[in-house]
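The values are calculated or read from the model by the stated rules, or taken from the named source; none is laboratory data. Because the structure is a prediction, the values reported are computed rather than measured. Using ideal geometry, Cβ is built from the backbone for each residue, glycine included, and neighbour counts are taken over all protein chains shown. Only protein heavy atoms, including side chains, enter the accessible area calculation; ligands, DNA and RNA are left aside. Shrake-Rupley method; radii C 1.70, N 1.55, O 1.52, S 1.80 Å.
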Amino acid sequence: MNSKPSFFSELRRRNVFRVALTYAVVAWLLIEIASVLLPLVDAPESLITAFVVLLALGFAVAVFISWAFEMTPEGLKRTQDLSPTEVIPYWSRRKFATFIFGVAGTAFCLSAYHLLFPTSPRNISQNEPLSISQSSPSEKSSGTHPVEQLLRDLDTQWAKTAAAKDVERTIAYYSDDAIVFPPNATSAATKEAIRNGWKDMFASPGFMITWQPSRVQVGKSGEMAWVGGTYESTMNDASGKPINDRGKYLEVWEKQSDGNWKCRANMWNSDLAASAPAP
């Protein structure tokens, strides 16, 4: 009778199955932790992908080590250097099962949390009719900080909304406690006052406006930022003649409790010299 052990019995004797199972559940736990924590710090999606690939490579290394080496009372030894009578310590089935079920249960809870309460940094959308994804093509190609690119895209789409003279969608970009400082006018400190200000501008004959962000600065906390740029506008005077204006603007944005960004303060003024008062 052939006393040579089979391949599968040898895998079992060398604890290869247990090493593979242990590595798999621990890797699952690490992936779930990374999928929850990394989006909170605006980490790029490629970082999670690289982490998964690294864990996959590590699995092959762990299985190879468990096959080629054995842990003995004297330390780690190559399997081929062990004598046939040398005793290889085995893991306690009870402790092993407790560890596996504990790690797998924790990973399952994190996976359920991730499914029930998905994080939105990789795909932040405004609750208003106009939405934008944080993971825009320009962000990936330019290497710009994700929040900076998000605010640039939001401000650009905000300008398009204002150019379409949509009052409700225009004021949707303001937070509930926003304040606006228009030039040559009193400040608007309520949502209704801001709505009336934009409504009056849109109702002006020949009114057109557009703006373009040129600089974005995010605070160290990642909760507030400011956006600056230039604007151009046109409005007809009393005789129906169009009057062109250009200038600069400044917006203060704040991250809301739901993860969306809203403009909390807004001001702008003209680059053109003020007209002389009529005698």
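Quick one: compute a quarter of the convex hull surface over the Cα atoms of segment 164-279 and quote it in nm².
On the way: hull surface 33.8 nm².
Mean orientational projected area (segment 164-279, Cα hull): 8.5 nm².
As an exercise, use a Förster radius of 25 Å and the Cβ-Cβ distance of Asp245 and Ser221 to find the FRET efficiency, rounded to the nearest 0.05.
Numbers: r = 35 Å, r/R0 = 1.41.
The calculated FRET efficiency here is 0.10.
Please list 3J(HN,Hα) in residue order for segment 149-166, calculated via the Karplus relation 6.51 cos²θ - 1.76 cosθ + 1.60 where θ = phi - 60°; whole Hz, with x for glycine and proline.
Values per residue, Gly and Pro as x: 5, 4, 5, 4, 5, 4, 5, 5, 5, 4, 4, 5, 5, 5, 5, 7, 6, 9 Hz.
Using a Förster distance of 25 Å, how high is the FRET efficiency between Val63 and His145, based on the Cβ-Cβ distance and rounded to 0.05?
0.05
Given a 1.4 Å probe and heavy atoms of the protein chains only, how would you sort Leu57, Leu115, largest accessible area at the top?
Sorted descending by solvent-accessible area, the residues read Leu115, Leu57.
Applying 1/(1 + (r/R0)^6) with R0 = 35 Å to the Cβ-Cβ distance of Leu116 and Arg195, what FRET efficiency is obtained, to the nearest 0.05?
Working: r = 36 Å, r/R0 = 1.04.
About 0.45, to the nearest 0.05.
Where in segment 188-218 does the label zone of Ala238 land, with the point 7 angstrom along Cα→C-beta and an amide N cut-off under 18 Å?
204-206
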